[in-house]
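Structure first, then comments.
Values in this text are rule-based calculations from the coordinates and carry no lab data. Keep in mind the model is a prediction, meaning the values are calculated, not measured. Cβ placement follows ideal geometry from the backbone for every residue including glycine, while neighbour counts extend to all protein chains displayed.
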Amino acid sequence: MTAGYMAPKVRDAVRAIAPRAIEWRRYFHANPELSWREERTQQAILDHLRSLELADLRPIARTGATALVAGGKPGPCVMWRADIDALPIPERSGLPFASKNEGVMHACGHDAHTAVALALAELLAAKREKLHGSVRLLFQPAEEHAGAAQLCVKEGVLEEPRVSSVLGLHVSADVPLGAINVAPGPFFAAPTAFRLVIQGRGGHAAAPQQAVDAVLVAAHVITALQSIVSRSVPPSETAVLTVGKVQAGFRGNVIAESATMTGTIRTYNPLVQEVMISRMEEVAAGVCAAFGAGYTLQHSTSCPALVNDDRVTALVVEEAAKFFGVGNIHATPSMGADDMSVFLEERPGCYLWLGARNEAKGIAGRHHDPGFMIDEDAIPLGIEFGLQVIEANLRQS
């Protein structure tokens, strides 16, 4: 946020609901639930939606919820998606509404996404007779896991009525308050999780010649893996390979018989993804052969790259220019992953980052960090801009 920051103006209805939306966010933040365990969260969402007398109100994907704001006039159906799950991270934010669930934290802003979507539901319901079309609200569980978005599609969230476009936002600890980050085309990466096990031969630390040291082999494999992006991926493409966890050995005087490393590959292009996996196999095979070790490599991709539709994104950018100002629109794709991509494979749409960083207030943390925080002034901005892009898509679809 720059000096002299002036908040964009929101409509009276948004200003009125903002304090309650912030209270909702704080409730969810204090009571986080892990993927596929969002029972209390689901119940709170269903209770509020039920009070609005919405159509097709029901649980979905086990611990999610969906409802339809049926407009009074004919028109398309736009879906707004919000994710609701938390992460297995112990909170160290020091907030008065910090997590009461030990070892579980909303460290990525899904509590804010849920609050924004609840406010959108209430404001849209209040004007439903004037809507040209309908708005499907999806509170999706298990974004931090895998399979929930696919299950929502399987359970018909995009049908009856048929959804014509899909929208959503993600609060950002990197983008300053009063700005957004959005761009057409590939915007989030496809995440490929891998598990590589090196199989050596254990032995006494004082007799290494009798053993095949899995730790040593793993160290060489990790170093060699780092050359894949720089030497096997074209400079015009983007990719990431990270080994995030290594486990090996029993104690300091025992040569480890095996070493397990887990990590992630991030790519936009499926062909690059194939190259990365193929080269991982070749590197592991070659290094292990040189040391007389064996290996197994397992990998899985939980969702495709997230690709924003050109037309819908152009409409979002047009609305953003009017609300945030042209100078506050960033266009920087992320190597993060989000299974919103599953819906955007099925329907055209747009996903955006909403700025929630405010260094003047000391709010400048990182996602998935125990100290993660957002500036709650982003919540009314998210509600207002959500209304604007929904209304624009109902007009344009």
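For the stretch 190-301, treating each Cα as an identical point scatterer without solvent, what Debye log10 I(q)/I(0) comes out at q = 0.14, 0.22 1/Å?
Once normalised to I(0) and log-transformed, intensities are -0.55, -1.11.
So what are the ³J(HN,Hα) numbers for the stretch 92-98, from phi and the Karplus equation (6.51, -1.76, 1.60; θ = phi - 60°), rounded to whole Hz, Gly and Pro as x?
My calculation for the stretch 92-98 gives 9, 7, x, 6, x, 10, 4 Hz in order.
Give me the percent of Cα-Cα pairs in the stretch 115-198 that sit more than 18 Å apart, rounded to a whole number.
Counting pairs separated by more than 18 Å, the tail of P(r) holds 65 percent.
Does a label point 7 Å from the Cα of Ser232, set along Cα-to-beta-carbon, have any residues of the stretch 242-273 with amide nitrogen under 11 Å, and which are they?
The answer is 273.
Taking only C-alpha pairs under 8 Å that are 6+ residues apart, what is the relative contact order of the chain in percent?
24 percent
Extending each Cα 7 Å along its Cβ direction at Asp47 and Glu281, get the distance between those two points in nm, one decimal.
5.2 nm
For an R0 of 51 angstrom, estimate the FRET efficiency from the Cβ-Cβ distance between Ala321 and Ala207 and round to the nearest 0.05.
Numbers: r = 70 Å, r/R0 = 1.37.
The computed FRET efficiency comes out at 0.15.
Mind giving me the nanometre distance, one decimal, between the label points for Arg15 and Glu274, set 7 Å out from Cα along Cα→Cβ?
5.7 nm
Once you have the Cα-Cα distance between Met335 and Gln396, take 0.36 nm times their residue separation minus that, and quote the gain in nm to one decimal. Display every interim value, and only then the final one.
Working: separation 61, 0.36 × 61 = 21.96 nm, distance 3.02 nm.
Answer, rounded to one decimal: 18.9 nm.
What's the Kirkwood radius of the stretch 238-302 in Å, using all Cα pairs?
One decimal place: 13.6 Å for the Kirkwood radius.
Which three numbers, in whole Å and largest first, are the semi-axes of the equivalent ellipsoid of the chain derived from its Cα gyration tensor as √(5λ)?
43, 22, 20
Quick check: net charge around Val69, other residues with Cβ under 15 Å of its Cβ, Lys/Arg +1 and Asp/Glu -1?
Counting the neighbours of Val69, the net charge comes to +2.
Output the relative contact order of the stretch 258-348, whole-number percent, from Cα pairs under 8 angstrom with separation of 6+ residues.
Value for the stretch 258-348: 33 percent.
By a straight-distance test (C-alpha under 17 Å), which aspartates and glutamates pair with Lys73 as possible cross-link partners, with residues fewer than eight away in the same chain excluded?
Once the sequence-local aspartates and glutamates are set aside, what remains near Lys73 is Glu129, Glu160, Glu391.
Using the Kirkwood formula over every pair of different C-alpha atoms, what hydrodynamic radius in Å results for the stretch 152-240? Don't jump to the answer; show the numbers that get you there.
Details: mean 1/r = 0.0522 Å⁻¹.
Mean inverse Cα-Cα distance, inverted, gives 19.1 Å.
Which net charge results for the neighbourhood of Ile379, defined as the other residues with beta-carbon distances under 13 angstrom from its beta-carbon, given Lys and Arg at +1 and Asp and Glu at -1?
Around Ile379, the charge tally is -2.
Along the charge dipole of the chain, pointing to its positive end and built from +1/-1 on Cβ of Lys, Arg, Asp and Glu, which listed residue (Ser236, Gln273, Ala290) has its Cα farthest out?
Ser236
Contour minus end-to-end for Ala224 and Glu155, with contour as 0.36 nm per residue of separation and end-to-end as the Cα-Cα distance? List each step's numbers first, then the result.
On the way: separation 69, 0.36 × 69 = 24.84 nm, distance 4.35 nm.
Going from the current span to full extension adds 20.5 nm.
Just to confirm a number: summing +1 for Lys and Arg and -1 for Asp and Glu over residues other than Gly355 whose beta-carbon lies under 12 angstrom from that of Gly355, what do you get?
With Lys, Arg at +1 and Asp, Glu at -1, the neighbours total -3.
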